[in-house]
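Asks: Please see the structure below; I have some questions.
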Amino acid sequence: MAAKRIAEDVGRQAVASVVEAAADAGIGAHSGADSTARDQTATAVRYLLQLLAEAAPGNTVEVRVPPFGAVQAIEGPRHTRGTPPNVVETDAATWVALATGSLAWRDALAAGRVAASGQRADLSANLPVSWGTMEL
């Protein structure tokens, strides 16, 4: 069963809330303070993953942001069983920063904030996530 699509207004509000909270606290997204912040972080992460999957459809790279979500994206060979050959995994704060453009892909890799394995596990061409001429 496919995950329920997050409405644009709900997703944007969640992203704005998480980005604002991180800026106010001088830290990354969701610090574990309360369940409302966790819910907003979960929605923001899932919404940004949804946008990535829509902007770069495919099944070549699995992008994981535990415990909140994962998507398959990027056009190319499809895997059918077991661990995908191309995997990107990161935490929620890093994903929100990458997806909104406040952290560059190469900087996240250099700092060890992203684990990327496989020849196609480079999201730099797809970040920050956007549609049309409008970025978050």
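The values are calculated or read from the model by the stated rules, or taken from the named source; none is laboratory data. All values derive from a computational prediction rather than experimental measurement. FYI the Cβ positions are ideal-geometry reconstructions off the backbone, even for glycines, and counts take in every protein chain you see. Calculation scope for accessible area: heavy atoms of the full protein, side chains included, ligands and nucleic acids excluded. Shrake-Rupley method; radii C 1.70, N 1.55, O 1.52, S 1.80 Å.
Asks: Report ³J(HN,Hα) in whole Hz for each residue of the stretch 48-63, in order, from the Karplus equation J = 6.51 cos²θ - 1.76 cosθ + 1.60 where θ = phi - 60°; Gly and Pro get x.
Replies: Rounded to whole hertz, the list is 5, 5, 4, 5, 4, 4, 6, 6, 10, x, x, 9, 8, 10, 9, 9.
Asks: Turning to a different aspect of this structure: Which net charge results for the neighbourhood of Ala44, defined as the other residues with beta-carbon distances under 14 angstrom from its beta-carbon, given Lys and Arg at +1 and Asp and Glu at -1?
Replies: That works out to -2.
Asks: Between Gln13 and Val87, what is the label-point separation in nm under the 7 Å Cα-to-beta-carbon projection?
Replies: About 3.5 nm, to one decimal.
Asks: If the chain between Ala23 and Ala111 were fully stretched, how many nm would it gain, using 0.36 nm times the residue separation less the Cα-Cα distance? Can you show the working numbers first?
Replies: On the way: separation 88, 0.36 × 88 = 31.68 nm, distance 1.97 nm.
This chain segment gains 29.7 nm when fully extended.
Asks: Just add up the charged neighbours of Asp91: K/R +1, D/E -1, any other residue whose Cβ is under 11 Å from the Cβ of Asp91.
Replies: Cβ neighbours under 11 Å give a net charge of +1.
Asks: With every protein chain left in place, what is the accessible area of Val87 in Å² (1.4 Å probe, nearest 10)?
Replies: Only protein atoms counted, so the area is about 10 Å².
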